[in-house]
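Each remark here refers to the structure printed beneath this line.
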Amino acid sequence: METSSIVLCLRILAAIGALAAGLGAAVFVVTLLQGLPPVATPATSSAAAPTPAATTAPPSVNAASFPTPPRGSIVLGSEAGPNALGLAVVPGKRSVGLQASVIDPNGAGVKGVAVRFDVRGSRSATVTATACGAGCYRATAPVARPRAVTVAVGARRVEFAMPTLWPSPPATKLVEQATRVYKSLRTLVIHDSLGDGHVRLTTIYRIVAPDRLTYSIRNGGDAVIIGDARWDRPAGSSRWIASVQTPITQPTPYWVEIEDAHLLGTVAFAGRPAWKVSFFDPDTPGWYTLVIDKATLHTMEMLMTAHAHFMHDTYGSFNAPLKIVPPT
């Protein structure tokens with residue numbers, strides 16, 4: 001299966017090994033997602049599946065019409081009910097440019113919604129946005145140094161804290177370094193929470209480089225992947241089902257491209273000083289916020305916002321002793 005032929009959720013699962021499992025495992029993963037958006041590929045949609053919902057894939061994102069944030073902006077993402085909300089802030093001498101990107105669960109820009117920006121900082125201002133395409137809403141606020149921006153999308157209000165330094169320093173090299181450290185890990189444990197604005201899926205992934213992985217979904221099922229073999233245990237079953245596995249390469253981060261990475265500030269995570277950064281990945285497409293340990297450059301936390309996929313990951317047990325063996 002080609003990466004370009006799948007929808008976002010299955011591509012995300014591919015990053016931690018599920019895609020490489022092939023047709024049978026893809027259907028297995030789909031059934032575990034239950035209330036989350038369908039994640040079938042064109043290949044799986046013609047195959048027999050446990051439920052009709054599992055074989056109906058949402059349309060892929062049209063990159064040409066996607067309301068991508070303007071280059072040079074500080075980019076942040078969040079949930080707005082079932083919609084994904086991206087905020088872009090472009091610094092200026094006496095004002096800031098603002099863009100809200102409102103994406104529905106199918107990856108399409110939401111049209112005709114009333115959007116307003118409440119900006120607090122050196123002074124406060126409320127400005128009404130003008131549509132700039134499907135899901136794109138822009139305005140300019142006469143605030144030179146914003147501390148917070150609240151985006152009102154219809155009746156929903158989402159507040160975004162601004163960087164502690166203004167204008168925010170670029171952080172592309174920092175994210176690239178952290179990405180290299182991530183890929184070089186020998187072992188890793190991920191605590192993952194994935195929702196669509198309605199329901200949420202909680203999963204623990206355990207990874208041993210270069211090609212071993214397990215995942216366990218709360219109230220779902222389990223899988224073990226070792227080289228060219230895998231075993232799946234559906235929810236409620238004690239039986240492991242063996243199948244052939246295309247070898248995976250792990251650990252692999254979710255993001256692919258890094259655009260407009262900026263430093264948001266310094267934070268404490270698990271008692272350790274860390275950098276907080278944000279960027280946009282046009283390949284997802286989606287908005288990312290990472291917490292990166294200052295001493296080790298380990299990625300400690302990730303928030304990802306994309307259509308119908310709101311992910312919160314915490315990472316740990318970096319290079320700790322960990323074995324993955326075939327189930328008995």
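For the range 190-209, the set of residues classified as modelled with pLDDT of 95 or more and among the acidic types (Asp, Glu) consists of ASP192 only. Each residue in the range 190-211 was checked for being buried (at least 16 other Cβ atoms within 10 Å of the Cβ) and part of a strand (DSSP E or B), and 10 pass. Among the residues of the range 97-148, those that are farther than 19 Å from PHE160 by Cα and among the hydrophobic types (A, V, I, L, M, F, W, C) comprise ALA108, VAL110, VAL113, ALA131, CYS132, ALA134. Among the residues of the range 272-328, those that are in contact with a helix residue (DSSP H, G or I) (Cβ under 8 Å, 6 or more places away or on another chain) and among the β-branched types (Val, Ile, Thr) comprise VAL277, THR284, ILE292, THR296, THR299.
Would you check which residues across the range 175-185 are surrounded by fewer than 20 Cβ atoms within 10 Å (Cβ to Cβ) and either in a helix (DSSP H, G or I) or in contact with a strand residue (DSSP E or B) (Cβ under 7 Å, 6 or more places away or on another chain) (or both) and list them? Answer for the range 175-185, where residues must be surrounded by fewer than 20 Cβ atoms within 10 Å (Cβ to Cβ) and either in a helix (DSSP H, G or I) or in contact with a strand residue (DSSP E or B) (Cβ under 7 Å, 6 or more places away or on another chain) (or both): GLU176, GLN177, THR179, ARG180, VAL181, LYS183, SER184. Of everything listed in (1) in contact (Cβ under 8 Å) with a residue 60 or more places away in the chain; (2) touching a Pro at 6+ places or on another chain (Cβ under 6 Å), the single unmet condition for GLY121 is (1).
Based on this model, can you work out whether ALA57 counts as hydrophobic (A, V, I, L, M, F, W, C), surrounded by fewer than 22 Cβ atoms within 10 Å (Cβ to Cβ), modelled with pLDDT of 50 or more and within 21 Å of the chain's Cα centre (by Cα)? It is false that ALA57 is hydrophobic (A, V, I, L, M, F, W, C), surrounded by fewer than 22 Cβ atoms within 10 Å (Cβ to Cβ), modelled with pLDDT of 50 or more and within 21 Å of the chain's Cα centre (by Cα). Looking across the range 84-114, the residues that are in contact with a Ser or Thr (Cβ under 6 Å, 6 or more places away or on another chain) and closer than 17 Å to GLY154 by Cβ come down to ALA84, LEU85, GLY86.
Of the residues making up the range 267-298, those that are assigned to a strand (DSSP E or B), under 18 Å from the mean Cα position of the chain (by Cα) and charged (D, E, K, R) are LYS276, ASP281. Quick check, is ASN219 loosely packed, with under 14 Cβ neighbours inside 10 Å and at pLDDT below 95? Yes, satisfied. Residue count for the range 282-328 satisfying the condition of being buried (at least 21 other Cβ atoms within 10 Å of the Cβ) and not assigned by TED's automatic domain parsing to the domain that holds LEU188: 0.
In the condition set (1) more than 15 Å from LEU290 (Cα to Cα); (2) part of a helix (DSSP H, G or I); (3) of a type outside the set (Lys, Arg), VAL158 is compliant with all but (2).
The values are calculated or read from the model by the stated rules, or taken from the named source; none is laboratory data. Quick caveat: nothing in here was measured; it's all calculated off a predicted structure. Using ideal geometry, Cβ is built from the backbone for each residue, glycine included, and neighbour counts are taken over all protein chains shown.
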